[in-house]
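Q: Take a look at the following structure, please.
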Amino acid sequence: MVTVMVTGAVNSPQQLQVNIPTVTSSNLLGSFDTPLDNTAGVVGAIPVTGWALDNIEVTKVDILREPVVGEPPGNLIFVGTAVFVADARPDVQALFPAYPYQYRAGWGYQMLTNFLPNAGGFGPPGNGTYKLHAIAFNKANSQLDLGTKTITVDNVHAAKPFGTIDTPGQGDSVSSADFVNFGWALTPQPAVIPTAGSTITVVIDGVPVGHPTYGQFRPDIANSFPGYANSTGAVGFFHINTTTLANGVHTISWNVFDNFGRGEGLGSRYFNVLNSSFATGAAVPEDVIGGPAAREAVRVRHGLNVHRRSEPITRDLDGVYSVTMEEVGHIELHLGAATGNTLVDGGAHALPIGSTLKGGVFYWQPGPGFLGEYTMQFERPDGTRIPVRVSIVPKRYSIEQ
């Protein structure tokens with residue numbers, strides 16, 4: 001019984017009877033989706049993704065691997081814990097609408113393979129064949145192995161930059177007008193990353209926001225990866241004014257190119273902005289869309305290179321503009337639109353985490369966990385509606401079985 005008392009009310013107090021059924025948390029289910037099983041040629045950081053649900057709550061999904069040569073057999077070895085991502089898997093939301101937390105069933109983890117031990121027991125780390133497990137846990141601490149994925153990693157022949165972001169940590173909450181984003185990046189010889197940091201771009205919610213100060217020394221990186229041109233100056237940092245970002249979940253990544261023009265997105269992760277209500281920052285200007293932009297044909301720019309030209313796209317037979325990209329990829333859709341929504345199971349939701357609609361352009365660099373098809377609808381200032389379908393497919397590598 002709950003008693004409610006209101007001072008001055010003539011009918012106070014009132015009592016309410018609350019009936020609480022007994023529910024057993026025992027219905028874990030889910031899937032381990034990427035990387036694809038038996039993928040070869042894996043290098044650098046890879047997204048590890050899937051989904052999980054329970055009739056009460058899934059509390060975490062751990063990524064583990066089987067022991068390799070030289071390690072004690074029998075027990076799985078912890079790699080990391082995935083992050084649940086709201087609206088990352090609309091297909092799962094539609095399939096299990098009655099399950100609690102179905103809106104954040106999708107999970108993702110960005111794994112830097114360079115830190116894996118050599119699978120053969122000797123030689124450079126991050127090379128050989130590994131078997132990964134994804135294990136989900138619920139409120140009752142029951143667990144379910146969602147499956148295994150076997151990958152063959154070949155960092156010894158990698159040609160693109162690699163590295164990660166150190167701050168913010170995966171899922172961290174940040175605030176203040178001067179949060180320092182740290183990360184590091186290296187690239188295989190004979191290439192080099194210019195120490196000015198001009199070929200490293202910090203991307204927040206799909207939008208390039210600047211270049212870090214690069215070329216700082218850190219002993220652990222220098223000792224772990226000797227012999228690279230940037231081994232003694234692999235670290236960089238970038239100042240972020242979080243008060244210009246809305247409270248809530250955002251994504252951050254470093255897009256790094258070397259002097260050979262080879263690029264890769266590093267450290268893709270989610271972070272929470274949590275500023276107090278009295279925090280002040282730069283005023284966000286009204287998003288003004290020029291007349292020409294609101295009348296032009298829809299165009300798309302794929303990939304990390306901000307200097308690449310956008311290309312026109314046409315509607316499919318069903319009237320929808322379709323775009324396909326790989327996991328943790330990047331697109332810019334030039335739409336001339338002022339507003340937009342994601343359509344999930346017939347309802348309008350906010351645009352996906354990790355995306356921005358600015359100046360009529362839709363930017364999206366999704367973090368790990370987004371996989372499948374996403375239906376969105378945008379609207380130009382004159383009322384013209386632009387339906388868009390984005391398909392995110394598993395990340396591919398240089399060699400695959």
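The values are calculated or read from the model by the stated rules, or taken from the named source; none is laboratory data. What you see is a predicted model, and the numbers here were worked out from it, not measured in a lab. Here Cβ is always computed from backbone atoms with ideal geometry, including for glycine, and neighbour counts include all displayed protein chains. Remember, those area values only see protein heavy atoms, side chains included, never the ligands or the DNA or RNA. Shrake-Rupley method; radii C 1.70, N 1.55, O 1.52, S 1.80 Å.
Q: Based on what the data block shows, is THR244 among the polar types (S, T, N, Q) and more than 19 Å from PRO161 (Cα to Cα)? Working first, answer last.
A: Working: among the polar types (S, T, N, Q): yes; more than 19 Å from PRO161 (Cα to Cα): yes.
Considered against the rule, which asks whether it is among the polar types (S, T, N, Q) and more than 19 Å from PRO161 (Cα to Cα), THR244 comes out as yes.
Q: Next up: Only one of GLY128, GLY123 is on the phi > 0 side of the Ramachandran plot and modelled with pLDDT under 95; which? Break it down stepwise before answering.
A: Details: GLY128 fails: modelled with pLDDT under 95.
Matching residue, one of GLY128, GLY123: GLY123.
Q: Only residues that are hydrophobic (A, V, I, L, M, F, W, C) and open to solvent by less than 90 Å² (accessible area, probe 1.4 Å): list them for region 19-39, please.
A: Kept after step one, since they are hydrophobic (A, V, I, L, M, F, W, C), are these residues of region 19-39: 20, 23, 28-29, 32, 36.
If the condition is that a residue be hydrophobic (A, V, I, L, M, F, W, C) and open to solvent by less than 90 Å² (accessible area, probe 1.4 Å), then VAL23, LEU28, LEU29, PHE32, LEU36 are the ones that fit.
Q: Among the residues of region 208-267 satisfying the criterion of being of a type in the set (D, E, K, R) and surrounded by fewer than 17 Cβ atoms within 10 Å (Cβ to Cβ), which is farthest from PRO125 (Cα to Cα)?
A: Of region 208-267, the ones of a type in the set (D, E, K, R) are 218, 220, 258, 262, 264.
From what's left, surrounded by fewer than 17 Cβ atoms within 10 Å (Cβ to Cβ): 218, 220, 262.
Working: ARG218: 19, ASP220: 15, ARG262: 22 Å.
Checked region 208-267; the qualifying residue farthest from PRO125 (Cα to Cα) is ARG262.
Q: From (1) part of a loop (DSSP other than H, G, I, E, B); (2) open to solvent by less than 60 Å² (accessible area, probe 1.4 Å); (3) in contact with a Gly (Cβ under 9 Å, 6 or more places away or on another chain), pick out the condition that doesn't hold for ASN55.
A: (3)
Q: Exactly one of these conditions fails for SER176: (1) part of a loop (DSSP other than H, G, I, E, B); (2) buried (at least 16 other Cβ atoms within 10 Å of the Cβ); (3) within 23 Å of the chain's Cα centre (by Cα). Give me its number.
A: Only one criterion is unmet by SER176, namely (2).
Q: For region 294-401, which fully contained strands (runs of 3 or more DSSP E) count at least 1 residues that are over 16 Å from the mean Cα position of the chain (by Cα) and under 25 Å from LEU245 (Cα atoms)? It would help to see each step written out before you state the result.
A: On the way: elements: 299-302, 321-326, 331-334, 339-344, 347-349, 355-358, 361-364, 372-379, 385-393.
Strands (runs of 3 or more DSSP E) meeting the threshold: 299-302, 331-334, 339-344, 347-349, 355-358, 361-364, 372-379.
Q: Next up: Suppose we filter ILE151, ILE165 for residues that are at negative phi, hydrophobic (A, V, I, L, M, F, W, C) and touching a Gly at 6+ places or on another chain (Cβ under 8 Å); which single one remains?
A: Details: ILE151 fails: touching a Gly at 6+ places or on another chain (Cβ under 8 Å).
Criteria check complete, one pass: ILE165.
Q: For ILE46, state whether it is over 18 Å from the mean Cα position of the chain (by Cα) and either over 20 Å from TYR101 (Cβ atoms) or not in a strand (DSSP E or B) (or both). Steps first, answer last, please.
A: Working: over 18 Å from the mean Cα position of the chain (by Cα): no; either over 20 Å from TYR101 (Cβ atoms) or not in a strand (DSSP E or B) (or both): yes.
Against the criterion (over 18 Å from the mean Cα position of the chain (by Cα) and either over 20 Å from TYR101 (Cβ atoms) or not in a strand (DSSP E or B) (or both)), ILE46 does not qualify.
Q: Is one or more of the residues making up region 35-43 acidic (Asp, Glu), farther than 14 Å from THR129 by Cβ and modelled with pLDDT of 95 or more?
A: Restricting attention to region 35-43, the residues satisfying the condition of being acidic (Asp, Glu) are 37.
Restricting the remaining residues to those that are farther than 14 Å from THR129 by Cβ gives none.
No: zero hits.
Q: Another question about this same structure. Identify, from the list GLU57, GLU71, the residue that is closer than 21 Å to VAL23 by Cβ and out of contact with any Cys (no Cβ under 6 Å at 6 or more places or on another chain). Before you say what the answer is, go through the steps one by one.
A: Numbers: GLU71 fails: closer than 21 Å to VAL23 by Cβ.
Of GLU57, GLU71, the one residue that is closer than 21 Å to VAL23 by Cβ and out of contact with any Cys (no Cβ under 6 Å at 6 or more places or on another chain) is GLU57.
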